[in-house]
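Encoded as structure tokens, the structure appears first; notes follow it.
Rule-based calculations on the coordinates, nothing more; no lab input. Please read all numbers here as calculations on a predicted model, not as lab measurements. Cβ placement follows ideal geometry from the backbone for every residue including glycine, while neighbour counts extend to all protein chains displayed.
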Amino acid sequence: MTITDTTPEARAIQEQILRNLGGEQRLTIALEMTDLARELARTRVRHEHPDWSEAQIVRELLRLAFLPKPLPPSLP
């Protein structure tokens, strides 16, 4: 079961709108959602580590995205 705060009627309208979008519009929405997810992750890391430099934040974002363990010290 999916948890949602959207009524079935509102969901049906959303689905109809999405069905009517072209490929370019769908891609644009997907890219905007990706940017938002990245910014939320960056904000979380900054909040958890306010003393870190931008390089340290980027390093942690890469680790979170790709590796289960910390990155090797040799990587930027």
Starting with the fewest neighbours, write out Ile57, Ile3, Ile29, Ile17 ranked by other beta-carbon atoms found within 10 Å of each beta-carbon.
Ile3, Ile17, Ile29, Ile57
Suppose every K and R has +1 on its Cβ and every D and E has -1 on its Cβ; what is the size of the dipole of the chain about the Cα centre, in Debye to the nearest 20?
300
Asserting the computed 222 nm helical MRE of the chain (DSSP H runs at least 4 long, -39500 (n - 2.57) per run, divided by residue count, to nearest 500) equals -23000 deg cm²/dmol
If Rh is defined by the Kirkwood formula over all Cα pairs and Rg also comes from Cα, what ratio Rg/Rh do you get for the chain?
1.16
Calculate, for Glu39 and Arg11, the FRET efficiency according to 1/(1 + (r/R0)^6) with r their C-beta to C-beta distance and R0 22 Å; round to the nearest 0.05.
0.25
